[in-house]
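Read the structure below first, then the notes.
The values are calculated or read from the model by the stated rules, or taken from the named source; none is laboratory data. What you see is a predicted model; the values in this text were computed from it and never measured. As a convention, Cβ positions derive from the backbone with ideal geometry for all residues, glycine included, and neighbour counts pool all protein chains shown. Each accessible area value is taken on the protein alone, full model and side chains, heavy atoms only, with ligands, DNA and RNA left out. Shrake-Rupley method; radii C 1.70, N 1.55, O 1.52, S 1.80 Å.
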Amino acid sequence: MRIAVVTESFLPAINGVTNSVCRILEHFQACGHQALVITPGPGPAEYAGHQVVAVPGIALPGYRSFVLGLPTARLEQILRDFRPDVVHLASPVSLGAAGGAAARKLNVPSVAVFQTDVAGFARRYGFRGADRAIWAWLRHVHRQADRTLVPSTATLDQLHRRGIEHLAMWRRGVDTHRFDPAHRSAELRRTLVGPGETLVGYVGRLAGDKRVRLLKHLADLPGVRLVVVGDGPAAGRLRAELPTAEFPGFLTGRELSTMYASLDVFVHTGADETFCQAIQEAMASGVPVVAPAAGGPLDLVQPGRTGLFYDPDSVPGLRTAVGHLAGQPELRAAYGRRARAAVIGRTWQRVGDELLRHYAEVQDVMVEKAG
């Protein structure tokens, strides 16, 4: 199969969209499919044996690491020359909108993946009156696609209410070899916590929409030490607000695996997640999770079994959940074992095969319509 992937985000940017695109490209390579990636530059010329074509983009003011792809007439010609069997639109907003329109013009089926709560993102950055316009645009974008894939039940319900059609579920995989309790490091823990202390950690982008500042309300919990892993535009401010927390920066590879597995409790603070891959990685690492009862985490965390929820707007709720786990090491261990068991079958191979079936189904529908 020839698959054109039009993505709003790709390497060197690291985020949920990039991670998913990289994993499916690796799966395409393993299955013998040929892909072409179209994304805002600059970036690598290829990935997993697939060519990457860079198109113009513009960095968002105040968030220079996020580059928004600009629609370009060149996109249609790129697709025409590649002759794809299907077009994959990864979190389409601007470049993806142009990709969907070009696919429809070329009579090529397309599958859109809804991955970013753009309206929620905008609200976190002060654009509170933009919801109606944003959803009108997203309806237009997804109307171009033959199918829109969503990662969670909450997102499926949200898009259905907003009038987006042809929806199907497509969750995310997790590498249970890379994220494994076996990577827990006593040596690392000695540098971060003292005897009897509980290591509570966050892993992800350090940006306003992730609400990482909420962690400051955990700093005075007895016996709790905080570690904040990641980078982003809010890093400097967070360091000032959390002077007793450790900030190891952006971690990858074995360092990230070791950090996850060495935590006692994983806390997520973002309330606008369509999925939350970091929660899956923590669970695969055998770590209990505390997360807001909203969005994607509702499908991932089993309260009272693999972790705890808190009301997204309740600081006391967050403190109570973390404090409850911090004081009970045996309970944490039980939650951690069940957390890993809950995700052990969610491999990227399985998820990649599901995606290929979606492609095949939209191709079949197009053939039926043509007949």
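Please verify whether Leu149 is part of a helix (DSSP H, G or I), surrounded by 19 or more Cβ atoms within 10 Å (Cβ to Cβ) and at pLDDT 95 or above, treating the condition exactly as stated. Give the derivation first.
Numbers: part of a helix (DSSP H, G or I): no; surrounded by 19 or more Cβ atoms within 10 Å (Cβ to Cβ): yes; at pLDDT 95 or above: yes.
Answer is no for this residue.
Give the residues of segment 152-170 that are open to solvent by 40 Å² or more (accessible area, probe 1.4 Å), part of a helix (DSSP H, G or I) and closer than 28 Å to Asn107 by Cα, sorted by residue number.
Once the filter is applied, which keeps residues that are open to solvent by 40 Å² or more (accessible area, probe 1.4 Å), part of a helix (DSSP H, G or I) and closer than 28 Å to Asn107 by Cα, segment 152-170 yields Leu156, His160.
Condition check ((1) among the basic types (Lys, Arg); (2) free of Cβ contacts under 8 Å to residues at least 60 places away in the same chain; (3) more than 14 Å from Lys210 (Cβ to Cβ)) across all residues:
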site: Val224; (1), (2), (3): no, no, yes
site: Glu241; (1), (2), (3): no, yes, no
site: Val265; (1), (2), (3): no, no, yes
site: Gln277; (1), (2), (3): no, no, no
site: Ser285; (1), (2), (3): no, no, yes
site: Ala294; (1), (2), (3): no, no, no
site: Leu308; (1), (2), (3): no, yes, yes
site: Val315; (1), (2), (3): no, no, yes
site: His324; (1), (2), (3): no, yes, yes
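I'm trying to understand the selection: among the residues of segment 303-333, which are in a loop (DSSP other than H, G, I, E, B) and in contact with a Pro (Cβ under 7 Å, 6 or more places away or on another chain)?
First pass over segment 303-333, keeping only residues in a loop (DSSP other than H, G, I, E, B): 304-306, 311-314, 327-328.
Residues satisfying the conditions are Thr306, Pro312.
Please specify each residue of segment 216-241 satisfying the condition of being over 20 Å from Pro288 (Cβ atoms), surrounded by fewer than 19 Cβ atoms within 10 Å (Cβ to Cβ) and more than 20 Å from the chain's Cα centre (by Cα).
Lys216, Asp220, Gly236, Arg237, Arg239, Ala240, Glu241
Go over the candidates Gln29, Gln51 one by one and state the one that is part of a strand (DSSP E or B), in contact with a strand residue (DSSP E or B) (Cβ under 9 Å, 6 or more places away or on another chain) and open to solvent by 40 Å² or more (accessible area, probe 1.4 Å).
On the way: Gln29 fails: part of a strand (DSSP E or B).
Selected residue: Gln51, the only one of Gln29, Gln51 that is part of a strand (DSSP E or B), in contact with a strand residue (DSSP E or B) (Cβ under 9 Å, 6 or more places away or on another chain) and open to solvent by 40 Å² or more (accessible area, probe 1.4 Å).
The rows are residues; the columns are (1) free of Cβ contacts under 8 Å to residues at least 12 places away in the same chain; (2) in contact with a Lys or Arg (Cβ under 9 Å, 6 or more places away or on another chain).
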| position | (1), (2) |
| --- | --- |
| Trp170 | no, no |
| Gly173 | no, yes |
| His177 | yes, no |
| Asp180 | no, yes |
| His183 | no, yes |
| Leu188 | no, no |
| Leu192 | no, yes |
| Gly196 | no, no |
| Arg205 | no, no |
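With the requirement that a residue be aliphatic (A, V, I, L, M) and either open to solvent by 50 Å² or more (accessible area, probe 1.4 Å) or out of contact with any strand residue (DSSP E or B) (no Cβ under 8 Å at 6 or more places or on another chain) (or both), what does segment 69-97 give you? Walk me through how you get there before you give the answer.
Narrowing segment 69-97 to residues aliphatic (A, V, I, L, M): 70, 73, 75, 78-79, 86-87, 89-90, 93, 95, 97.
The answer is Leu70, Ala73, Ala97.
Go through Arg254, Arg213 for me and flag whichever is open to solvent by 70 Å² or more (accessible area, probe 1.4 Å) and over 28 Å from Gly120 (Cα atoms).
Working: Arg213 fails: over 28 Å from Gly120 (Cα atoms).
Result of the check over Arg254, Arg213: Arg254.
Of all residues in segment 99-134 being assigned to a helix (DSSP H, G or I) and modelled with pLDDT of 95 or more, which is surrounded by the most Cβ atoms within 10 Å (Cβ to Cβ)?
Initial filter on segment 99-134 (assigned to a helix (DSSP H, G or I)): 99-105, 118-124, 131-134.
With the extra rule that they be modelled with pLDDT of 95 or more, the set shrinks to 99-105.
Details: Gly99: 33, Gly100: 24, Ala101: 17, Ala102: 24, Ala103: 27, Arg104: 16, Lys105: 12.
The residue in question is Gly99.
Name the single residue that is nearest to Val193 (Cα to Cα) among those in segment 317-371 being in contact with a Leu (Cβ under 7 Å, 6 or more places away or on another chain) and charged (D, E, K, R).
Once the filter is applied, the top-ranked residue is Arg332.
Would you pick out the residues in segment 296-322 that are crowded, with 20+ Cβ neighbours inside 10 Å and over 24 Å from the mean Cα position of the chain (by Cα)?
None - no residue of segment 296-322 is crowded, with 20+ Cβ neighbours inside 10 Å and over 24 Å from the mean Cα position of the chain (by Cα), so the list stays empty.
Filter segment 279-295 down to residues that are assigned to a loop (DSSP other than H, G, I, E, B) and either aromatic (Phe, Trp, Tyr) or crowded, with 24+ Cβ neighbours inside 10 Å (or both), then give me how many there are.
Step one: list which residues in segment 279-295 are assigned to a loop (DSSP other than H, G, I, E, B), which gives 285-288, 293-295.
The next check asks that each one be either aromatic (Phe, Trp, Tyr) or crowded, with 24+ Cβ neighbours inside 10 Å (or both); those that pass are 285-288, 295.
Count: 5.
Take His140 and decide whether it is over 28 Å from Asp313 (Cα atoms), surrounded by 15 or more Cβ atoms within 10 Å (Cβ to Cβ) and not hydroxyl-bearing (Ser, Thr, Tyr). Give the derivation first.
On the way: over 28 Å from Asp313 (Cα atoms): yes; surrounded by 15 or more Cβ atoms within 10 Å (Cβ to Cβ): no; not hydroxyl-bearing (Ser, Thr, Tyr): yes.
The answer is no for His140.
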